[in-house]
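The next block holds one structure in the form of structure tokens; read it before the comments.
The values are calculated or read from the model by the stated rules, or taken from the named source; none is laboratory data. In this text, all values refer to a predicted model and were calculated from it rather than measured experimentally. Positions of Cβ are generated from backbone atoms using ideal geometry, with glycine treated the same way; all protein chains shown enter the neighbour counts.
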């Protein structure tokens, strides 16, 4: 009975997100030029609704479930339409770009944070959100370094704000530069922050670009593991220094099982099954359509959970930090692609 009640609590928010996704798909079909995708439309509809009327408690649980769990489930389903050889190829290509973007985020980000007088926890949370995977990276690293709630809110806001701009600007810039689906997918997959934003920016350009961008993003998400381990070690070292000064002993919070992106394993399993021809072509196509629609619903839920008013309270310094890092990553990513001969 308790399980049924919990499941019932998910329904209102999930249904609301699905309705907005359906509306977004309809509005997309009315556009004469495919400049903005249904994912972006759904996100903006959600944010506009939140601005005028924040969804009540009856929707909260379902919206959170849709924005987190359903998005990951949608990515798993996407694996059923992809081929492992393509994933490995894109993964190898993205690794070189990713190394440079991560060095930019955490290397230059450290000095930018100091120049703006931002504490090291907030600075690195913003860098992690920009360099790895937005909110997921911030959420994974925050408890390891004992970040304050205010630091988490600032970092989330700074990352999300520039994701909004990237979702709209990336397809426009990609077309202006005449990028191929592969080049654009690699660029957006390594330079756009959050998974949901990569999905939105990727598919707003083209279906193939969206597939490439998602695969690159999944490869990039794996860097959460070594990054969190590194910050766990840094935090433990700092705590030991503090403990030595006070004569106490401190045990750092660290749990590897909570940071591994398990949904990637599901994605790879379905991709492997599809590569070996286990999944029929018709089923593969259906699962991909379901995946894309659920991604749109997840973005609608994220929009419904986003408040313009709360974002205004974040202040200017973290936003400046986020803007500089985001701009540098965009430039570094496309520059590396140029020297690799992809662009």
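Brief remarks follow.
- Conditions (1) within 21 Å of the chain's Cα centre (by Cα); (2) buried (at least 18 other Cβ atoms within 10 Å of the Cβ); number of the one not met by residue 92: (2)
- Enumerated helices (runs of 4 or more DSSP H) restricted to segment 228-343, each holding at least 2 residues that are at pLDDT below 75: 308-312
- Criterion: modelled with pLDDT under 90, within 24 Å of residue 54 (Cβ to Cβ) and surrounded by 14 or more Cβ atoms within 10 Å (Cβ to Cβ) - qualifying residue of 20, 41, 36: 41
- Residues of segment 146-159 that are in a loop (DSSP other than H, G, I, E, B) and either in contact with a helix residue (DSSP H, G or I) (Cβ under 6 Å, 6 or more places away or on another chain) or surrounded by 24 or more Cβ atoms within 10 Å (Cβ to Cβ) (or both): 147 alone.
- If you check 199, 216 for being touching a helix residue (DSSP H, G or I) at 6+ places or on another chain (Cβ under 6 Å), surrounded by 24 or more Cβ atoms within 10 Å (Cβ to Cβ) and within 16 Å of residue 99 (Cα to Cα), only one passes: 216.
- Residue in segment 69-78 that is free of Cβ contacts under 8 Å to residues at least 12 places away in the same chain, over 28 Å from residue 321 (Cβ atoms), in a helix (DSSP H, G or I) and under 20 Å from the mean Cα position of the chain (by Cα) present: yes
- So residue 215, is it over 17 Å from residue 341 (Cα atoms) and without any contact (Cβ under 8 Å) to a residue 12 or more places away in the chain: no
- Filter result for residue 107 (in contact with a helix residue (DSSP H, G or I) (Cβ under 6 Å, 6 or more places away or on another chain), within 17 Å of residue 324 (Cβ to Cβ) and part of a helix (DSSP H, G or I)): no
- Filter result (in a loop (DSSP other than H, G, I, E, B) and either within 17 Å of residue 220 (Cβ to Cβ) or in contact with a helix residue (DSSP H, G or I) (Cβ under 7 Å, 6 or more places away or on another chain) (or both)) within segment 122-145: 134, 142, 144, 145
- Every residue from segment 179-201 that is in a helix (DSSP H, G or I) and under 12 Å from the mean Cα position of the chain (by Cα): 188, 189, 190, 191, 195, 196, 197, 198, 199, 200, 201
- Failed criterion for residue 172 (all others in (1) under 26 Å from residue 70 (Cα atoms); (2) part of a helix (DSSP H, G or I); (3) modelled with pLDDT of 85 or more hold): (1)
- Residue tally, condition under 14 Å from residue 332 (Cα atoms) and surrounded by 15 or more Cβ atoms within 10 Å (Cβ to Cβ), over segment 101-130: 8
- The selection criterion, being at positive phi and touching a residue at least 12 places away in the same chain (Cβ under 8 Å), does not hold for residue 121.
- Any hit, segment 154-163, residues being at pLDDT below 90 and closer than 22 Å to residue 236 by Cβ: yes
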